[in-house]
Amino acid sequence: MSALLNRLAPLYAAFIYAFIYLPVGVLVLFSFQGGRFPILPFNGPSLKWYREVLADEDLVEAMINSLFVAVGSSAVAVILGFLAAYGLARYLLPARGLQRALLTAPLTVSYLVIGLGLLMLFNQLGVPRSLLTIGIGHVVLNAPLCFAILYSQMGDHQANAERAARDLGAGEWQLLCLVSVPMLAPSILASYLLSMTFSWDEFIVAFLLSRFDVTLPVEIFSMLRSGLNPKTNAAGSLVFLLTLGAVILAELFIFRRATRRGRA
Amino acid sequence: MRPTRSVSGRGWRYVSPLLLFTIFFFFVPFVFIVIMSTWSRVDGAILRTWNLDNYIAFFTTPHLRVALWNSVSITATVTVVSVLLAYPFAWFIAMRVPTRWQRLALVLAIVPFWTSYVVRSYAWLLVLAKNGMLNKTLMALHLVDAPLEIAATRIATVTGFVHFFVMLLTLTIYANLRQLSPNYARAAADLGAGPVAIFRHVILPLSLPGIVVGAFLTFVLCIGDYITPQILGGGNELVLPQVIMLQIGRRADFPTAASLSVILMCVVTLAYLASARWLKLERA
């Protein structure tokens with residue numbers, strides 16, 4: 001029984017790996033397709049669909065919009081989340097449990113419902129849909145996450161350093177910029193990058209709250225109307241490569257270094 | 001983590017920006033959805049009188065009830081299949097892979113996470129479509145005579161979902177298994193339990209709370225999702241989020257969309273209560 005299990009377990013793991021990689025493999029393979037359809041037989045490799053993607057102004061513009069929304073909304077989400085975490089962790093405020101529950105409540109509701117509520121609110125107020133409304137939507141989704149991460153990282157040793165700085169005459173602003181933020185820098189950066197990846201990939205809120213300027217997932221979704229198309233494969237592979245590259249760079253240059261410094 | 005200062009006036013300055021933002025852009029829209037769900041849309045205008053017509057309509061209109069049923073049954077299938085596939089895989093990484101390779105094994109298992117969400121469903125379409133990879137391969141091997149109709153059915157939706165949640169659950173179950181002290185298994189072995197008995201009576205019960213948390217997460221993310229059923233399942237068997245999007249897009253019927261959203265949130269709340277109750281019973 002045990003011997004059988006030992007033999008079967010690696011086979012099973014290989015099967016799951018194959019299942020996980022199957023769609024990505026097919027996606028990337030047929031992005032190099034020579035013909036007009038991303039189906040067997042494969043007649044490539046050809047880079048013509050990548051040339052078409054880079055020549056597609058709507059797609060490139062959507063990519064820039066996405067980057068813009070991700071950078072901006074994540075910055076706002078981290079700042080709001082950090083300030084709230086700092087206030088709740090360092091000051092005795094009434095109803096702290098309730099406040100924490102209120103601030104993290106958006107994490108428990110479907111993105112679709114959050115997007116629908118914002119769409120109705122903006123319609124009622126006569127606010128036109130734009131990149132700004134998408135950005136506000138993404139702050140609603142990501143600020144609670146940043147708050148939760150940063151609140152969990154507000155430890156006692158930082159509080160002691162802050163007390164020492166205060167005794168030495170640091171003002172409120174100096175304390176925040178010179179002591180609290182630098183001490184939490186790795187967590188702040190981590191929550192910023194996490195928000196960025198979520199915003200970069202978010203579809204439904206961006207779809208509901210956009211009109212003329214769309215983000216990348218919304219643009220790719222509208223490309224799907226043309227059915228199976230190697231150009232969509234090329235666009236998808238390119239986005240995958242960009243995201244993966246950014247994740248690897250972040251891991252190598254930011255987190256590796258942070259942990260090494262933490263250990264030293 | 002005790003607060004060090006009791007000057008609450010200053011504290012409010014830090015908390016209020018996010019608090020006000022959340023109230024204005026989350027709670028106000030939320031209340032607005034609930035109010036909107038009691039209004040109705042008559043001849044293209046929204047009639048602002050309180051009534052429960054939308055909810056009555058939900059329970060008397062077959063295609064809306066069917067959408068809820070599709071949502072719940074697809075989500076339940078996805079949750080069960082994902083847990084069953086991910087658990088042995090996570091177990092293999094946690095128990096059989098040498099410790100120094102575990103991190104790599106885990107990272108390799110989640111690389112496809114970084115494909116865009118919309119692209120991931122499209123990639124499954126490449127595999128499952130009538131002239132896609134799977135059918136071409138099966139026909140070349142003479143395993144089937146005619147292409148299988150998988151795309152635009154619930155099998156395609158479930159496959160797309162399971163792919164994503166197997167990655168997610170592998171992470172959560174792995175983390176849970178790593179927390180278990182190997183001493184429990186050793187003690188059971190000393191007392192004469194075989195590997196199967198150790199798994200059934202020691203490892204599995206200890207890792208159940210982690211499974212329940214992961215299953216709840218799967219349930220919530222799956223039942224609210226629009227993209228996967230829309231791209232892979234198509235229009236034959238609509239799920240609740242697809243019906244909500246149809247109300248907004250085609251007919252601008254916000255009251256109906258709002259009432260369906262409230263029903264969706266009720267289902268999620270029920271799932272939450274069920275898993276919380278289960279966890280509490282387990283701990284007691």
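Nothing in this text is a laboratory measurement; each read-out follows from the coordinates by a stated rule. As the structure is a computational prediction, the values presented were derived from the model and not from experiment. Don't worry about glycine lacking a Cβ; one is built from the backbone with ideal geometry, like all the others, and counts go over all protein chains shown.
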Cα-based Rg of the stretch B:63-283 normalised by 2.2 N^0.38 Å, two decimals: 1.19
statement: So the compactness index of the protein assembly as shown, its C-alpha Rg divided by 2.2 N^0.38 Å, takes the value 1.04
- line: B:Arg100 and B:Ile155 label points (each 7 Å along its Cα→Cβ direction) are spaced in nm at 4.5
statement: For A:Lys231, the lysines lying under 20 Å Cα to Cα, once residues fewer than eight places off in the same chain are dropped, come out as A:Lys48, B:Lys130
query: A:Gly227: net charge of surrounding residues, Cβ under 15 Å, Lys/Arg +1, Asp/Glu -1, itself excluded?
result: +4
message: Quick check on chain B: helices-only [θ] at 222 nm, where DSSP H runs of length 4 and up contribute -39,500 (n - 2.57) each and the sum goes over total residues. Nearest 500, please.
response: -23000 deg cm²/dmol
Charge context of A:Ser31, other residues only, Cβ under 13 angstrom, K/R +1, D/E -1: +2
field: Net dipole in debye of chain B [+1 Lys, Arg Cβ; -1 Asp, Glu Cβ; about Cα centre; nearest 20]
entry: 1060
message: What's the longest uninterrupted piece of chain A once you rule out the trypsin sites (Lys or Arg not before Pro) that are loop residues per DSSP with at most 15 other Cβ within 10 Å?
response: A:37-210
